[in-house]
Amino acid sequence: MAVQYPASTGARILVMDDEPAVLAVATEFLHYIGYRVDGVVNGHEAIQAYQRAAESGDPYGAVILDLFIDAGMGGKEAIERLREFDPQVKAIISSGHARDPLITNYVAYGFAASLLKPYRLRELQDTLASML
């Protein structure tokens with residue numbers, strides 16, 4: 001029997017991850033549960049995309065930021081800059097490092113939630129549903 005997932009709000013979600021496979025899975029999961037998704041590979045691209053979306057009148061409902069980016073700005077710096085632009089940004093920090101203090105104490109860093117990789121569809125859906 002297939003698992004029924006609740007319908008999404010149809011919100012627009014921005015995902016930042018420098019690992020193509022992770023970005024592809026996150027995008028596929030989010031599309032499957034009804035979100036509109038854009039993907040970027042570093043913090044600079046995330047900030048630019050977020051600002052463009054806000055200025056276009058079709059803002060992101062939430063952003064998912066990878067904590068560590070090999071060749072660029074990661075989630076910790078990106079959230080600081082996003083908060084300067086939009087203090088109300090709804091951001092989720094994502095990492096495969098469960099014991100990192102930023103993952104365990106995400107609120108202190110300006111995040112609304114944290115997600116551990118590898119993603120699980122239900123966890124991703126529940127986290128976004130609680131935020132949106």
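Return the residues of the stretch 70-82 that are in a loop (DSSP other than H, G, I, E, B) and either at pLDDT 95 or above or surrounded by fewer than 16 Cβ atoms within 10 Å (Cβ to Cβ) (or both); say none if nothing qualifies.
Asp70, Ala71, Met73, Gly74, listed by residue number.
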Some residue of the stretch 38-58 being under 21 Å from Arg122 (Cα atoms), in a strand (DSSP E or B) and within 15 Å of the chain's Cα centre (by Cα): yes
Odd one out for Lys90 among (1) closer than 18 Å to His44 by Cβ; (2) at pLDDT 95 or above; (3) of a type outside the set (A, V, I, L, M, F, W, C): (1)
Is the stretch 6-17 home to any residue that is of a type in the set (Ser, Thr, Tyr) and touching a Phe, Trp or Tyr at 6+ places or on another chain (Cβ under 6 Å)? yes
Tell me which residues, restricted to the stretch 94-111, are crowded, with 16+ Cβ neighbours inside 10 Å and either out of contact with any Lys or Arg (no Cβ under 8 Å at 6 or more places or on another chain) or in a helix (DSSP H, G or I) (or both). Asp100, Leu102, Ile103, Tyr106, Tyr109, Phe111
Kindly indicate the residue of the stretch 31-44 that is free of Cβ contacts under 8 Å to residues at least 60 places away in the same chain and buried (at least 18 other Cβ atoms within 10 Å of the Cβ) and also farthest from Glu84 (Cα to Cα) among those meeting that condition. Val37
Inter-residue pairs, beta-carbon under 6 Å, first of a type in the set (S, T, N, Q) and in the stretch 96-125, second surrounded by 14 or more Cβ atoms within 10 Å (Cβ to Cβ), 6+ apart: Ser114/Ile93; Ser114/Ile103; Ser114/Tyr106; Gln125/Tyr5; Gln125/Ile33
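The values are calculated or read from the model by the stated rules, or taken from the named source; none is laboratory data. Model, not experiment: these values are computed from the prediction. Ideal geometry is used to build each Cβ from the backbone, glycine not excepted, and the neighbour counts take in all protein chains shown.
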